[in-house]
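*Asks:* Just passing along the structure, written as structure tokens.
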Amino acid sequence: MHWQTLTFFGDSMLLLPSAVVMAFALFYNTSRFATVIAWLGSFGVAGLVVSISKVLFLGFLIGSARYNFTGFSGHTTMSTTFWPIFFWFIARGFALKRPLTLVFIGYLFALAIAYSRLVLHAHSPSEVISGFLLGAGCSLAFLALQRKVAFKPINAVELIIIIALPLTLFLQGKPATTQHFLGTLAAKIAGMEHPHTRQQLLSLDQ
């Protein structure tokens, strides 16, 4: 069960509203719309690329049988985009001397979530590795743009307010139905009754 718990930290049910909360927190602590736009842009690009890759496969069977690739791992991509920035926000807000240490912890946490997707047989190695690289690219791009941004300090009460919604969602533990939604959307776009499956892709390599 602990793998299921860990993997939920990469679920869109948790990360989508958490990303919105992060946007408000960033504006409060930086007073810069540019920072908010950069954050929502990086997180949005990550989600959009994942969604497009899944729709292309589910609707049009565009993938790789050789590498068992049906699209970027959403849990891996979004957690690698979100968690390093979350830890960076805490480090900057509390004026820690080595904020990059917490960023590194964020990437390690995302890596653990990525590994949980393999343990649960939810994705192939190619999907997890590519998802991690995509998410890392988006989060690193955001961090590169925020190197010299001034940050207001935060206190424990403000931190509790920031994590209240994510914590509530985590305690509920209800995963999102994103995959089902994308499958239905892809089938509708492609004019099919049912979306394609991994087995159909792998059969092409036989």
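The values are calculated or read from the model by the stated rules, or taken from the named source; none is laboratory data. Remember, predicted model here, so these are calculated numbers, not experimental data. Methodologically, a virtual Cβ is constructed for each residue, glycine included, from the backbone with ideal geometry; neighbour enumeration extends over all protein chains shown. Accessible surface is based on the protein model in full, side chains and every heavy atom, while ligands, DNA and RNA are left aside. Shrake-Rupley method; radii C 1.70, N 1.55, O 1.52, S 1.80 Å.
*Asks:* Expressed as cubic angstrom per residue, what is the convex hull volume of the alpha carbon set of region 94-206?
*Replies:* On the way: hull volume 19.9 nm³, N = 113.
Looking at region 94-206, the number lands at 176 Å³ per residue.
*Asks:* With labels modelled as points extended 7 Å from the Cα through the Cβ direction, what inter-label distance (nm, one decimal) is found for ALA65 paired with LYS188?
*Replies:* Between ALA65 and LYS188, the simple spin-label model gives 3.1 nm.
*Asks:* Computed over the Cα atoms of region 1-86, what is the ratio Rg over Rh, Rh following Kirkwood? Provide the component values of the computation, followed by the final result.
*Replies:* Details: Rg = 15.1 Å, Rh = 14.2 Å.
Rg/Rh: 1.07.
*Asks:* Output the Cα-based Rg and Dmax of the chain in Å, rounding Rg to one decimal and Dmax to a whole number.
*Replies:* Taking only Cα atoms of the chain, I get Rg and Dmax of 17.9, 59 Å.
*Asks:* Please compute the net charge surrounding SER116, taking Lys and Arg as +1 and Asp and Glu as -1 over other residues with Cβ under 15 Å from its Cβ.
*Replies:* -1
*Asks:* Let me ask something else. Pop out the carbon and sulfur fraction of the accessible area of region 80-206 as a percent, whole number, probe 1.4 Å. Each step should come with its number before you reach the end.
*Replies:* Details: 5250 of 7610 Å².
That fraction is 69 percent.
*Asks:* Using just the helices of the chain, give the 222 nm mean residue ellipticity in deg cm²/dmol: DSSP H runs with n ≥ 4 each add -39,500 (n - 2.57), and the total is spread over all residues, rounded to 500. Walk me through the numbers on the way to the answer.
*Replies:* On the way: 9 runs with 152 residues, N = 206.
Using -39500 (n - 2.57) per qualifying helix, the result is -24500 deg cm²/dmol.
*Asks:* Per the Debye formula with a single identical scatterer at each Cα and no solvent contribution, what log10 I(q)/I(0) holds for region 69-127 at q = 0.12 Å⁻¹?
*Replies:* With one equal scatterer per Cα and no solvent, log10 I(q)/I(0) is -0.33.
*Asks:* For region 118-162, build the convex hull from the C-alpha positions and give me its volume per residue in Å³.
*Replies:* Numbers: hull volume 5.0 nm³, N = 45.
Each residue corresponds to 112 Å³ of Cα convex hull volume.
*Asks:* Okay, moving on. Ranked by accessible surface with a 1.4 Å probe, highest first, in what order do LYS54, LYS148, LYS188 come?
*Replies:* LYS148, LYS188, LYS54
*Asks:* Starting from the Cα of LEU202, step 7 Å along the direction of its Cβ; do the same at LEU145; then give the gap between the two resulting points in nm.
*Replies:* It is 3.9 nm.
*Asks:* Would you work out the relative contact order for region 85-157, in percent, from Cα pairs under 8 angstrom that are 6 or more residues apart? Walk me through the numbers on the way to the answer.
*Replies:* Details: 39 pairs, mean separation 29.2, N = 73.
Normalised by residue count, the contact order of region 85-157 is 40 percent.
*Asks:* While we're here: Probe 1.4 Å, all protein chains in place: accessible area of MET13 in Å², nearest 10?
*Replies:* 70 Å²
*Asks:* Roughly how many Å is it from the Cα centre of region 7-28 to that of region 124-192, as a whole number?
*Replies:* Value for the Cα centre distance between the two parts: 6 Å.
*Asks:* Given Cα pairs under 8 Å that are at least 6 residues apart, what percent is the relative contact order of region 76-206?
*Replies:* Details: 93 pairs, mean separation 34.0, N = 131.
Value for region 76-206: 26 percent.
*Asks:* Which residues' amide hydrogens lie under 5 Å from the amide hydrogen of PHE69, considering only partners 5 or more residues apart or on another chain, with H built in the peptide plane?
*Replies:* The answer is SER64.
*Asks:* If packing is taken as the mean number of other Cβ atoms within 10 Å per residue, what is the order of 3-9, 194-200, highest first? Write down the numbers at each step before the final one.
*Replies:* Details: 3-9: 17.4, 194-200: 14.9.
Ranking, from highest mean packing down: 3-9, 194-200.
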